[in-house]
Amino acid sequence: MSETPSETPKTPEIYKCCDNPQITYLAPVNINIDERTIGSVDVWRCAACMKAFCEEKTLGIDSITDIVGMPRIEDDEKWAVIVSKLQKGKDKWKLVKLKQNGIIKFETADEKLIDLKIQDYKIVDDFHSSFLVLDHIHTAVEI
Ligand SMILES: [Zn+2]
């Protein structure tokens, strides 16, 4: 793969959280089970518009975030982790985007699509709970 030096790389659409994006790494939120870290959520933030971007990381899988791959989040959504009481280990949690209220289509570890109820950015369900990633910056969350 070679690049033509005269061409300025075009900023992919996904960068454009605002007119002047300055996205930098903020902090990780560690996910713990029995005080052992099993994964983490990397949090990136745009210094201009303060929008946050999150990436899920499972321990042992080495991935370096490429800003091009920054997932988009809408203004009315917040980054959250859904915790399943039915699963164990790495299948027990998943990074999602929650709206304030409504229903989220959630894919379980065995690839079933279920509806989960959201109330004020929180999952209300007998077998699932959730927390907001940005409330736990620099900390570890026991699930
Ligand atoms: Zn921005």
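The values are calculated or read from the model by the stated rules, or taken from the named source; none is laboratory data. In this text the structure is predicted, and so the values were computed from the model without any measurement. FYI the Cβ positions are ideal-geometry reconstructions off the backbone, even for glycines, and counts take in every protein chain you see. SASA here: full protein model, heavy atoms, side chains in, ligands and nucleic acids out. Shrake-Rupley method; radii C 1.70, N 1.55, O 1.52, S 1.80 Å.
Here are the numbers for the structure shown:
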| quantity | calculated |
| --- | --- |
| FRET efficiency for Lys51 and Ala140, using Cβ-Cβ distance with R0 set to 22 Å, rounded to 0.05 | 0.35 |
| In Hz, Karplus ³J(HN,Hα) per residue of the stretch 85-102 (6.51, -1.76, 1.60; θ = phi - 60°; x = Gly, Pro) | 7, 8, 10, 10, x, 5, 7, 7, 9, 7, 7, 9, 10, 10, 7, 4, 9, x |
| FRET efficiency estimate (nearest 0.05) - Cβ-Cβ, Glu74 to Lys117, R0 22 angstrom | 0.70 |
| Total formal charge among the other residues, if their Cβ is under 14 angstrom from that of Cys54, Lys/Arg +1 and Asp/Glu -1 | +1 |
| Inverse mean reciprocal Cα-Cα distance (Kirkwood Rh) of the stretch 14-56, Å | 11.3 Å |
| Among the listed pairs Lys97/Lys117; Lys51/Lys122; Lys51/Lys97; Lys16/Lys90, those beyond 23 Å (Cα-Cα) | Lys16/Lys90 |
| Amide hydrogen neighbours beyond the local backbone of Ile123, cut-off 5 Å, H modeled | Ser130 |
| Solvent-accessible surface (1.4 angstrom probe) belonging to Val124, in square angstrom, nearest 10 | 70 Å² |
| 17 Å tail of the calculated P(r), the stretch 90-143, as % of Cα pairs | 37 percent |
| Order of exposure, largest accessible area first, which applies to Arg45, Arg72 with probe 1.4 Å | Arg72, Arg45 |
| Heavy atoms of Glu142 accessible to a 1.4 Å probe, total area in Å² rounded to 10 | 100 Å² |
| Rounded accessible area of Tyr25 (nearest 10 Å², 1.4 Å probe) | 100 Å² |
